[in-house]
Amino acid sequence: LQNFHVVLCLDRAGIVGEDGPTHHGLFDIAYLRHIPNMTIMAPKDQSELKAMLKFAVDECKGPVAIRYPRGKVVSPPVLERTAPVSYGKAEVMSREGELAILAVGSMVWPAAVAAGLLFNEGIKSSIVNMRFVKPLDEELLRDLASRTNMFVVIEEGVLDGGFGSAVMEFFERERITGVFVKRIGLPCKFIEHGGKRELLKNYGLDAQGIANEIKRWRR
């Protein structure tokens, strides 16, 4: 209410594996994004997390939340530099295709690999690292909607009230019609104990699972 500049670092965002059902960080997007004045960021890798933390401390106003997964996250060697963080702006990683893949945080690199698998089957897609859950990059969404009517939104959190819901609400609020949105994420339930890689595969959030779900939806 006072709009104080507080930075919340949300460790264990998404599936955490062997810590069990009590520790999965699946509900934070849904319970944070409706709060006035709140900014929510999600880095795709270690380098971007550092950039976001510095940005949150030095340049943001009001409360900020940064969600990131458990464990060590190493940036792919092909990306030695992280693009500067600008408030409310996404990072467009490729503009190639008939559908736009909007990925959040830990799902960016699996989404990029999935896009490669789809490309091998003749399906081209744009890849966007959304960076900000709130505020949305509305200018980019409008631009993408002028180029394609097919959107895939991928998040490592519950779908109910999640980032995909925010995207759909934006299209509805702005009266952008004729768009189709496929949300890929987790069900609203307490996820069982298990290895992280195993659980991501079981819930279709690894690269192959994402590619398979997009192919099924696209039909």
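The values are calculated or read from the model by the stated rules, or taken from the named source; none is laboratory data. For clarity, every value in this text was computed on a predicted model and none was experimentally measured. Every residue, glycine as well, gets a Cβ built from its backbone with ideal geometry; the counts of neighbours run over all protein chains shown. Areas reflect the complete protein model, heavy atoms only, side chains present, ligands, DNA and RNA absent. Shrake-Rupley method; radii C 1.70, N 1.55, O 1.52, S 1.80 Å.
Structure above, values below:
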{"read-out": "Relative contact order of the chain, defined on C-alpha pairs under 8 angstrom at six or more residues apart (%)", "value": "25"}
{"read-out": "Region 72-180, Rg to Rh (Cα coordinates; Rh as Kirkwood inverse mean 1/r)", "value": "0.95"}
{"read-out": "20 Å Cα-Cα reach of residue 215 towards aspartates and glutamates, excluding residues that sit fewer than 8 places from it in its own chain", "value": "96, 98, 121, 155, 156, 206"}
{"read-out": "Under 15 Å, Cβ to Cβ, from residue 94 - net charge with Lys/Arg +1 and Asp/Glu -1", "value": "0"}
{"read-out": "Cα centroid separation, region 158-214 to region 24-64 (Å)", "value": "19"}
{"read-out": "Two-decimal ratio, region 1-125, of alpha-carbon radius of gyration to 2.2 N^0.38 Å", "value": "1.16"}
{"read-out": "Carbon + sulfur, % of accessible area of region 140-219 - ligands and nucleic acids excluded, 1.4 Å", "value": "47"}
{"read-out": "Two-decimal Rg to Rh for region 133-173 - Kirkwood Rh, Cα set", "value": "0.95"}
{"read-out": "Distribution of pairwise C-alpha distances over region 118-219, 10 Å bins, in %", "value": "13, 44, 34, 9, 0"}
{"read-out": "Accessible surface, the chain, averaged per residue in Å² (probe 1.4 Å)", "value": "50"}
{"read-out": "Quotient of C-alpha Rg and 2.2 N^0.38 Å, computed over region 24-75", "value": "1.18"}
{"read-out": "Spin-label model distance (nm) - residue 9 vs residue 197, 7 Å beyond Cα toward Cβ", "value": "2.7"}
{"read-out": "Long-range lysine pairs (8 or more apart or interchain), region 26-137, Cα under 21 Å", "value": "14"}
{"read-out": "Residue 212 versus residue 31: modelled label distance in nm, points set 7 Å from Cα along the beta carbon direction", "value": "3.2"}
{"read-out": "Cubic angstrom per residue, convex hull over Cα atoms of region 176-219", "value": "89"}
{"read-out": "R0 of 25 Å, Cβ-Cβ distance residue 160-residue 46: FRET efficiency to nearest 0.05", "value": "0.30"}
{"read-out": "Within the accessible area of region 1-136 (1.4 Å probe), percent carbon and sulfur", "value": "56"}
{"read-out": "Full-stretch length increase - residue 121, residue 189 - with 0.36 nm per residue and alpha-carbon distance subtracted", "value": "21.1 nm"}
{"read-out": "P(r), alpha carbons of the chain - 10 Å bins starting at zero, rounded %", "value": "8, 35, 39, 17, 1, 0"}
